[in-house]
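Here the structure comes first, spelled out in structure tokens, and everything after it is commentary.
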2 protein chains.
Amino acid sequence: MDEETDGIPLNRPAPRDVDAIDRKILGVLVDDATVSYAELGDRVGLSPPAAHERVKRLRRSGAIRGTAVIIDPKAVKKPLLAFVHIDTRGWGKTPELMAVSQYPEVEEIHTVAGDTCMLLKVRTEDTRALEGLLARLYETPGVTSTRSYVVLSTYLERPVQPGITEKWPTPKHMAEPLY
Amino acid sequence: MDEETDGIPLNRPAPRDVDAIDRKILGVLVDDATVSYAELGDRVGLSPPAAHERVKRLRRSGAIRGTAVIIDPKAVKKPLLAFVHIDTRGWGKTPELMAVSQYPEVEEIHTVAGDTCMLLKVRTEDTRALEGLLARLYETPGVTSTRSYVVLSTYLERPVQPGITEKWPTPKHMAEPLY
DNA sequence: GATTGCGACAGAATTTAATACGGCCATTAT
DNA sequence: ATAATGGCCGTATTAAATTCTGTCGCAATC
């Protein structure tokens, strides 16, 4: 008896948006989600149960979508990272393309605005496995061409950060935008 | 008395590589790292302490680099995702570029092989914040140009998967490669 | 080929943390 | 003013993490 009763959604207590303390909590948990609520409370200035309550609310509201272990790619034999741009004939042919999401080497699929249609983030064991993936892509109906960017070095790779982004002051020589 | 004694590293028991059970464990924990060792053990066919021991070993060996909450980007006011390609004058100027890793909107920094030098994954509140980031990039010495791919829709985005990638059989019409 | 050492596991015991509960305070709405 | 609400703290209870001990199987050794 938590989410709903008899299928009737309980009227939630107005999903208050994340405040400064929530951001601090997220900041701690994004670095290490294994900390105890006691330590989490200490770090953000709350008692353990209060910290727990906050985290529960963040989970309920969907701000925290889940908790996952971060796997070293090399440990699971996927040392090769690449970004693949895909050009397609129209947007309609995506369903077949979505089949690639079944492959464990595909980590991200986006449609983008720019000089290409789609963008994939893939991780493979070696260049040969990447070639196999590209071969499968070319077999997919609708795919006209691909461009691959093989990662040489990764200098930063981290999950979504809770840190707020400061506003950009328009330079003096530029006119203030309407929007 | 776990990692080392008096600064002398203990000779570890040969970091055995991940086996099938380890992969199943990683598969469970990458979906939900909050499961108890009791349930984890059930799912992979081990007793709770045995599962615990496995996870501890995976952590020690570095296969599990950490545990993190997955934050909904919209909840922290970062609904806009973009990939930014950066062209630089030579590779030497990267140190100044690395300063962008301080910005919370930058999630990934890679050097790549292809028609560009570097690739950034960034998440901002809106197009204006992205403009601000690009402005800072252009101020960075060594940066000659950028190309941005604004994500329209994300169809898949997940952490490193433990799933093994099957080998690609060379098509009949292709010669077998030397390597 | 028997033996000894080692690594992995299961079951029980213990310690620690997660979770639930009751009361207090501040803010808000009536 | 006053009642209601939401958020917090301190405590109590429950559940899980962690430790300990013994057993089993495997492999290297003699």
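Just a few scattered comments:
- Looking only at residues of the stretch A:128-145 that are open to solvent by less than 30 Å² (accessible area, probe 1.4 Å) and outside any helix (DSSP H, G or I), we find that the one that is nearest to B:Cys117 (Cα to Cα) is A:Val143.
- Taking the criterion of being under 21 Å from A:Ile70 (Cβ atoms) and within 11 Å of DNA strand D (Cβ to nearest atom), the residues of the stretch B:47-65 that qualify are B:Ala51, B:His52, B:Glu53, B:Val55, B:Lys56, B:Arg59.
- Matching residues in the stretch B:30-46 - criterion: being within 11 Å of DNA strand D (Cβ to nearest atom) and either within 8 Å of chain A (Cβ to nearest Cβ) or buried (at least 16 other Cβ atoms within 10 Å of the Cβ) (or both): B:Ala33, B:Thr34, B:Val35, B:Tyr37, B:Leu40, B:Gly41
- Test: residue in the stretch A:84-102 that is modelled with pLDDT under 95 and under 28 Å from B:Leu178 (Cα atoms): yes
- The set of residues in the stretch B:163-174 being surrounded by 11 or more Cβ atoms within 10 Å (Cβ to Cβ) and either modelled with pLDDT of 95 or more or farther than 10 Å from A:Pro104 by Cβ (or both) consists of B:Trp168, B:Thr170.
- Pairs where the first residue, in the stretch B:35-50, is in contact (Cβ under 8 Å) with a residue 40 or more places away in the chain and the second is among the aliphatic types (A, V, I, L, M) and within 8 Å of DNA strand D (Cβ to nearest atom), C-beta under 6 Å, 6+ apart: none
- Selected residue (criterion: nearest to the other protein chains (Cβ to nearest Cβ)) from residues of the stretch A:60-102 that are surrounded by fewer than 16 Cβ atoms within 10 Å (Cβ to Cβ) and assigned to a strand (DSSP E or B): A:Arg65
The values are calculated or read from the model by the stated rules, or taken from the named source; none is laboratory data. Since the model is a prediction, treat every value here as computed from it, not as a measurement. Cβ sites come from the backbone with ideal geometry, for glycine too, and all protein chains shown count toward neighbours. The area values use the complete protein model at the heavy-atom level, side chains included, leaving out ligands, DNA and RNA. Shrake-Rupley method; radii C 1.70, N 1.55, O 1.52, S 1.80 Å.
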